[in-house]
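These notes are about the structure you will find just below.
Bear in mind that the values in this text are calculations on the coordinates, not laboratory data. These numbers were taken from a predicted model, which means no experiment stands behind them. Quick reminder, even Gly has a Cβ in these numbers, built from the backbone with ideal geometry, and neighbours come from all protein chains shown.
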Amino acid sequence: MPAILLHLVPASLYAVLGVHFWHSRWHAPALAPRQGLRPWERALMLAALVAHGFALHDVFFSPAGIRFGFSLALSLMLWLAMLFYWIESLYARLEGLQTLAMPVAAVCALLPAFFPGQHLLENAGSPLFRAHFIVAMLAYSLFTLAALHAMLMSVAERRLHGARLTRALAALPPLLTMETLLFRLIGIAFVLLTLTVGSGILFSEALFGKAFRLDHKTVFAIISWLLFGSLLVGRHYQGWRGKKAQYWTLAGFIALMLAYVGSRFVAEVLLGRAG
């Protein structure tokens with residue numbers, strides 16, 4: 001199969017689902033009958049995830065080694081985030097989240113076709129590095145889901161105050177329940193980010209084959225860690241919630257994106273460097 005088709009198939013499936021959810025959920029009247037994901041919707045989402053996984057595997061592993069650039073990072077993050085959402089949707093009904101997530105997933109699934117990236121991961125054969133990499137990607141994907149969740153809460157809160165609810169928003173759990181889920185996501189992701197940042201600093205030579213140095217990636221990762229840590233402390237001791245929690249979540253997520261994705265985008269696209 002041509003390389004472009006590997007990425008076009010999952011991107012098209014995500015796009016079709018996004019349009020479907022936009023019309024059937026987001027713009028449906030608030031009084032329309034509420035429902036979770038239909039079996040065919042869940043099956044199509046699973047097909048998109050499987051196709052996306054095959055596409056990532058094909059680009060990720062090359063004869064020269066494991067390639068990983070900004071586009072693959074975004075694509076992998078969204079794949080994991082959508083996988084977590086698909087599993088979470090078995091237990092919780094979050095009707096509006098798929099409408100926000102599908103277009104983002106479609107774009108990110110297609111990015112590696114245009115920006116495959118030639119950056120090879122160093123020490124990719126090391127079990128310690130692989131564990132570090134997996135934990136980092138899990139943290140990134142959970143924070144991605146948390147950022148989308150915070151955006152959905154912000155939209156739902158504004159629509160609620162303006163009495164402009166649609167079926168997707170009317171079917172959401174109460175805002176306090178959604179907030180509890182948001183902080184559960186952030187709490188798990190923060191533990192994973194702590195392990196990622198901590199292992200990167202303490203075991204830099206074993207992981208990356210070089211002594212630790214404070215570069216821009218590490219600075220932004222630490223800033224993100226501090227922002228999310230402050231949010232959790234503020235939540236515990238000051239009862240932070242609502243817009244403050246949403247803004248801190250998005251600020252921490254942006255800092256996290258700048259830590260790796262932003263630096264690789266500058267190197268690969270703006271500066272044209274593979275390494």
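Okay, here's what the table says:
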| item | result |
| --- | --- |
| Total formal charge among the other residues, if their Cβ is under 14 angstrom from that of residue 242, Lys/Arg +1 and Asp/Glu -1 | +3 |
| Fully extended contour minus Cα-Cα distance, from residue 237 to residue 184, at 0.36 nm per residue | 17.5 nm |
| Sequence-distant residues sharing a close amide H with residue 66 (under 5 Å, placed H) | 121 |
